[in-house]
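Since the structure comes first, as structure tokens, the remarks are kept for the end.
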Amino acid sequence: QVQLVESGGGSVQPGGSLTLTCLASGYTYSLYCMAWFRQAPGTERERVAAVYPGGGLTYYADSVKGRFTISQDNAKNTLYLQMNSLKPEDTAMYYCAAGRYGGSLYDCVNNYNYWGQGTQVTVSS
């Protein structure tokens with residue numbers, strides 16, 4: 001019953017910025033890990049950023065650390081991914097994901113059961 005809808009993708013020049021949003025419904029934020037994944041053609045899906053239940057702990061892939069910021073507005077049931085200093089290698093389909101949190105930090109690594117439809121991010125061409 002968890003439903004995720006992404007928006008905010010588009011085409012930008014290298015060095016530019018984009019903000020992705022994920023509108024979530026059917027879940028309680030305190031019980032779910034929320035994350036952004038991305039996948040380029042011919043590559044494995046990569047977890048680029050995640051926020052743990054309560055919002056006090058975040059994860060960033062080394063490839064985006066210092067450039068991307070994940071945040072959430074629980075009152076609006078919205079997850080954000082602020083992407084700055086974008087590079088061509090950031091080009092990918094970006095997905096919002098949610099997974100039930102069972103009390104272990106490992107639950108927020110790969111246990112994502114719900115996915116949005118994806119939004120395309122293209123940095124130059």
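General remarks:
- Placing pseudo-labels 7 Å out from each Cα toward the beta carbon at S7 and A40 gives an inter-label distance of 2.8 nm.
- On a per residue basis, the range 35-119 carries 51 Å² of accessible surface, using protein heavy atoms and a 1.4 Å probe.
- Protein accessible area in the chain, 1.4 Å probe - carbon and sulfur %: 47 percent
- By a 1.4 Å probe calculation restricted to protein chains, D107 has an accessible surface near 30 Å², given to the nearest 10.
- Between the range 1-42 and the range 50-125, the Cα center-to-center distance that results, in Å: 6 Å
- Over the chain, the Kirkwood radius and the radius of gyration, each from Cα atoms, give a ratio Rg/Rh of 0.95.
- Dipole in debye (nearest 20) - the chain, about Cα centre, beta carbon charges: Lys, Arg +1; Asp, Glu -1: 100 debye
- Here S125 and A61 are evaluated by their C-beta separation; at R0 = 22 Å the FRET efficiency comes out at 0.40.
The values are calculated or read from the model by the stated rules, or taken from the named source; none is laboratory data. Source: prediction; values computed, not measured. Every residue, glycine as well, gets a Cβ built from its backbone with ideal geometry; the counts of neighbours run over all protein chains shown. To get the accessible areas, we keep the full protein, side chains included, count just its heavy atoms, and leave off ligands, DNA and RNA. Shrake-Rupley method; radii C 1.70, N 1.55, O 1.52, S 1.80 Å.
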